[in-house]
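Notes follow the structure.
The values are calculated or read from the model by the stated rules, or taken from the named source; none is laboratory data. Note that the coordinates shown come from a computational prediction; the quantities given were computed from them, not determined experimentally. All Cβ positions, even for glycine, are placed from backbone atoms using ideal geometry, and neighbour counts span all protein chains on display. For accessibility, only protein heavy atoms count, side chains too; no ligands or nucleic acids. Shrake-Rupley method; radii C 1.70, N 1.55, O 1.52, S 1.80 Å.
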Amino acid sequence: MDYKIKITPRTLHFRQPAGTSRGVYTTRDSWFLELTAPGHPNIIGIGECAPLPDLSCDAIPDYEPTLRHFCDLFEQTGQIPYREMEDYPSMLFGLETAVANSGLEPENHPSTPFLRGEEGIPINGLAWMGSFEEMNSRMEEKLRQGFGCVKLKIGAIDFDDELELIKRIRSRYSRHDVELRVDANGGFSYEEALYKLELLSQYAIHSVEQPIRQRQWGRMAELCRDAPLPIALDEELIGVNDREGKKQLLNIIRPAYLVLKPSLHGGVRGVKEWIELADERGVKTWITSALESNVGLDAVARLADQVYGPHITMPQGLGTGQLFTDNIAMPLEMRGNRLWRTPQ
């Protein structure tokens with residue numbers, strides 16, 4: 001069968017600036033793939049390739065020509081070139097999604113409560129970085145919306161102010177009412193990390209993502225061993241794309257959790273491998289979107305449903321579909337603290 005893949009670049013615009021310890025995003029560049037098979041009108045698959053600048057291992061200057069090369073290989077063979085794409089996770093995830101959405105692999109589309117619109121996936125609310133007043137307002141909004149798990153990004157303002165915000169939340173909501181996750185995005189120095197983690201531990205924090213910058217395996221291992229609260233790895237996993245490298249990282253660092261993003265951590269196949277290796281070592285995992293449009297969000301939600309469902313109980317880090325003013329329509333909607341999908 002002959003295949004054709006059209007690549008369409010598109011810039012999406014955030015409703016409000018998305019702040020991280022690496023800077024503030026106001027726009028988001030994605031490349032959308034449209035997979036077709038001439039003569040077979042029912043075969044149409046859409047995928048999104050969305051690298052994050054200064055973070056993704058494949059956020060390269062010649063992104064589109066490289067993506068075109070991989071799409072050409074698929075057109076020629078009808079197979080995803082996994083080995084060649086191992087170090088290009090956002091491209092791989094987009095191509096995997098386009099193939100999955102096309103119906104070429106019907107065995108990968110089991111009927112589940114989520115896909116039938118009978119069950120939503122629980123997600124954490126996300127309070128973006130900002131001023132103290134902004135973060136407080138965002139946190140209050142998430143709590144009013146009924147989120148039982150809230151993720152707080154820290155590192156943009158004074159740490160004492162961030163602690164005060166967490167203290168206020170805990171004075172009103174116990175750990176039984178609200179689960180608090182904290183994401184430092186590598187914003188702590190190694191010298192101050194343990195002290196800050198000890199301060200955070202006073203407030204019944206579920207976990208802290210990536211307290212120090214990646215590629216410091218020995219230091220991260222020490223923190224995972226000595227910190228009074230669980231540590232989750234996120235950025236640490238970027239660029240570790242071969243199986244032996246993943247085993248080595250997990251064996252050395254021994255984290256409590258992995259936070260897995262298909263666009264950053266090896267696409268669908270790579271995330272499944274991370275989960276397999278983590279399970280073998282007693283490391284827990286959850287799946288997170290990475291500022292994709294609704295096309296990518298839908299694919300991430302379906303992956304979470306596939307690997308953890310049905311009846312997911314741990315809140316996943318999925319977006320709400322409301323990030324952008326010019327998002328792409330998909331059959332997703334938020335109801336309370338769950339992401340639902342309308343059956344097609």
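Brief remarks on what is shown
- Listing of helices (runs of 4 or more DSSP H) fully contained in the range 1-117 that carry 2 or more residues being under 18 Å from A290 (Cα atoms) and either open to solvent by less than 70 Å² (accessible area, probe 1.4 Å) or in contact with a Phe, Trp or Tyr (Cβ under 8 Å, 6 or more places away or on another chain) (or both): 89-102
- Scanning the range 237-273 for residues that are among the β-branched types (V, I, T) and either open to solvent by less than 40 Å² (accessible area, probe 1.4 Å) or out of contact with any Gly (no Cβ under 9 Å at 6 or more places or on another chain) (or both) gives I238, V240, I253, V259, V268, V271.
- Subset tally (residues that are modelled with pLDDT of 95 or more, surrounded by fewer than 23 Cβ atoms within 10 Å (Cβ to Cβ) and farther than 18 Å from F32 by Cα) for the range 317-326: 0
- Looking only at the range 149-160, and only at residues there that are open to solvent by 10 Å² or more (accessible area, probe 1.4 Å) and farther than 15 Å from Q202 by Cα, the one that is modelled with the lowest pLDDT: A156
- Residue in the range 16-35 that is of a type in the set (V, I, T) and touching a helix residue (DSSP H, G or I) at 6+ places or on another chain (Cβ under 8 Å) present: no
- Which numbered condition Q344 misses (of (1) open to solvent by 70 Å² or more (accessible area, probe 1.4 Å); (2) touching a strand residue (DSSP E or B) at 6+ places or on another chain (Cβ under 9 Å); (3) part of a loop (DSSP other than H, G, I, E, B)): (2)
- Some residue of the range 175-197 being at pLDDT 95 or above, within 24 Å of L318 (Cβ to Cβ) and open to solvent by 10 Å² or more (accessible area, probe 1.4 Å): yes
- Any hit, the range 242-256, residues being in contact with a strand residue (DSSP E or B) (Cβ under 7 Å, 6 or more places away or on another chain), closer than 30 Å to Q216 by Cα and of a type in the set (D, E, K, R): no
- Some residue of the range 291-298 being surrounded by fewer than 18 Cβ atoms within 10 Å (Cβ to Cβ) and out of contact with any His (no Cβ under 9 Å at 6 or more places or on another chain): no
- Yes/no for G239 being modelled with pLDDT of 95 or more, in contact with a Phe, Trp or Tyr (Cβ under 9 Å, 6 or more places away or on another chain) and under 30 Å from G45 (Cα atoms): no
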